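Undergrad: Below is one structure. I have some questions about it.
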Amino acid sequence: MRPVRIALLGATGSIGAAALALAREHPERFTFASLAARSNDAALVNAAREFGVRRLSLDDPESAGRARSRFEGEVLDGSGGLEALASDPDADVVVNALVGVAGLRPTLWALRAGKRVALANKESIVVAGELVTATASRHGGLLLPVDSEHSGLHQCLEGRTPADVHRVFLTASGGPFLRHDPERIEDATPEMVLRHPTWSMGPRITVDSATLVNKGFEVIEARWLFGLAPSQLDVLIHPQSIVHAVVEFRDGSQVAQLSVPDMRLPLLYALTYPERCPSALPRLDLAHVGSLHFEAPDPKRAPGLALARRALERGGTAPAVLNGADEEAVRLFLERKIRFGDVTRLVGEVLDAHTPVAATTLEAVEAADGWARARLHEAAASRLRA
Ligand code: NAD
Ligand code: MG
């Protein structure tokens with residue numbers, strides 16, 4: 001069997017590293033047709049040399065220029081580079097591990113080319129769920145979630161239809177502030193927020209995990225990936241991150257998916273589905289774990305969940321506004337320009353100021369995203385720190 005050829009978008013990030021690690025462990029199964037990143041040309045060229053990759057893309061033209069001067073293969077840049085990689089006939093699978101709305105167009109390009117997309121970039125589905133799922137079915141592309149909870153749901157739902165399902169639970173670790181008084185984390189620093197208890201991830205999703213905006217995004221993601229109604233989507237706090245998803249069927253029986261928290265496993269599933277590939281990944285030892293803990297989310301500590309529910313209710317471009325505003329608010333927080341508590345407060349203000357329109361075209365989604373970013377900066381102006 002010839003190895004699967006992967007176009008890896010976001011090769012220098014946390015999910016990108018997990019994909020490289022899988023290929024290192026399974027060289028007979030996975031190779032890379034191409035690698036892309038924003039600006040870290042040194043890391044990208046090193047990865048290309050290690051895996052014998054001939055085609056790279058860097059979003060930043062200066063970084064691409066530096067790569068060209070020391071790399072013997074092809075180096076593309078900008079959005080044209082990502083488009084070429086995402087629709088490359090030499091790639092069997094596109095792993096979309098880009099962060100933010102920057103991942104949307106590449107998801108659409110890959111699906112239009114009829115590819116399997118291993119989708120870590122949940123923002124694609126959050127901002128344009130209807131458009132992305134319609135594009136997949138129109139062109140025969142296959143969307144497989146890399147997000148651990150959705151990979152878990154996909155595994156529990158295998159062979160089932162939405163009519164079999166009563167409701168589903170996505171689990172959430174609760175982030176670093178699960179046991180903190182909400183008033184006392186208003187001024188949490190980036191260092192405190194970036195210390196996630198169970199997962200090691202890029203900065204944006206780590207901040208979103210502390211506000212529970214990430215879990216809110218995942219509710220929206222599940223709505224589109226599995227065709228479920230918002231009322232069927234529940235969240236359970238589970239600090240150990242061992243149970244990733246639970247499905248309750250209409251007869252009352254519940255099925256869960258469990259594993260150690262390691263993103264290589266959902267990635268492996270997305271790359272090899274429907275096959276189960278033997279692996280040397282760390283195994284779960286339930287006797288060693290002993291007990292599993294669950295609790296309902298406390299609304300006071302989970303502002304991001306309420307925001308996502310509001311965006312889902314409003315529909316259309318509201319989720320795109322939620323994401324665009326949050327991307328900017330997280331950036332301002334990481335630059336220490338706004339307080340931690342202001343992140344979800346400002347995002348809520350922007351969401352409430354938006355009048356949604358249908359989100360069935362890329363233009364509508366990108367216009368809403370641009371509006372949300374500008375509006376977030378206006379709302380933040382009065383709260384900027386000296
Ligand atoms: P990260 O910040 O570690 O990496 C992001 C990658 O995208 C980097 O390689 C960066 O160079 C690249 N990138 C960003 N903007 C780009 C652009 N405009 N053009 C080209 N490359 C660009 O992020 P991450 O934690 O790996 O997360 C990636 C995606 O996976 C996010 O959507 C996140 O929500 C999702 N996700 C991550 C995890 C995790 O464990 N890290 C888990 C579930 C889902
Ligand atoms: Mg997740």
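The values are calculated or read from the model by the stated rules, or taken from the named source; none is laboratory data. What you see is a predicted model, and the numbers here were worked out from it, not measured in a lab. In this analysis, Cβ positions are derived from the backbone assuming ideal geometry, glycine residues included, and neighbour counts consider all displayed protein chains. When the accessible area is computed, the model is the full protein with side chains, heavy atoms only, and any ligands, DNA or RNA have been set aside. Shrake-Rupley method; radii C 1.70, N 1.55, O 1.52, S 1.80 Å.
The rows are residues; the columns are (1) within 30 Å of residue 28 (Cβ to Cβ); (2) of a type in the set (Asp, Glu).
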| position | (1), (2) |
| --- | --- |
| 265 | yes, no |
| 288 | no, no |
| 295 | no, yes |
| 299 | no, no |
| 302 | no, no |
| 324 | no, no |
| 343 | no, no |
| 358 | no, no |
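Undergrad: Right, next: Counting just the residues of region 100-111 that are near ligand 1 (Cβ under 9 Å from one of its atoms) and open to solvent by less than 30 Å² (accessible area, probe 1.4 Å), which one comes out nearest to residue 328 (Cα to Cα)?
TA: Top of the filtered list is 100.
Undergrad: Suppose we filter 117, 126, 75 for residues that are without any contact (Cβ under 8 Å) to a residue 24 or more places away in the chain and of a type in the set (Val, Ile, Thr); which single one remains?
TA: 75
Undergrad: Further question on the same structure: In the set 234, 251, 187, 262, which member is away from ligand 2 (no atom under 14 Å from the Cβ), part of a loop (DSSP other than H, G, I, E, B) and over 20 Å from residue 338 (Cβ atoms)?
TA: None of the others qualify; the one that does is 251.
Undergrad: Does at least one position in region 282-296 carry a residue that is part of a helix (DSSP H, G or I), modelled with pLDDT of 95 or more, open to solvent by less than 30 Å² (accessible area, probe 1.4 Å) and not aromatic (Phe, Trp, Tyr)?
TA: no
Undergrad: Does residue 268 satisfy the criteria of being under 25 Å from residue 94 (Cα atoms), open to solvent by less than 40 Å² (accessible area, probe 1.4 Å), aliphatic (A, V, I, L, M) and in a loop (DSSP other than H, G, I, E, B)?
TA: no
Undergrad: Just need a number here: residues in region 112-152 that are open to solvent by less than 30 Å² (accessible area, probe 1.4 Å) and away from ligand 1 (no atom under 16 Å from the Cβ).
TA: 5
Undergrad: Shifting gears a bit: Of all the helices (runs of 4 or more DSSP H) wholly in region 73-163, which have at least 1 residues that are at pLDDT 95 or above and within 26 Å of residue 49 (Cα to Cα)?
TA: Per the criteria, 78-86, 104-112.
Undergrad: Can you tell me which residue is surrounded by the fewest Cβ atoms within 10 Å (Cβ to Cβ) among those in region 22-69 that are of a type outside the set (A, V, I, L, M, F, W, C) and under 15 Å from residue 95 (Cβ atoms)?
TA: 24
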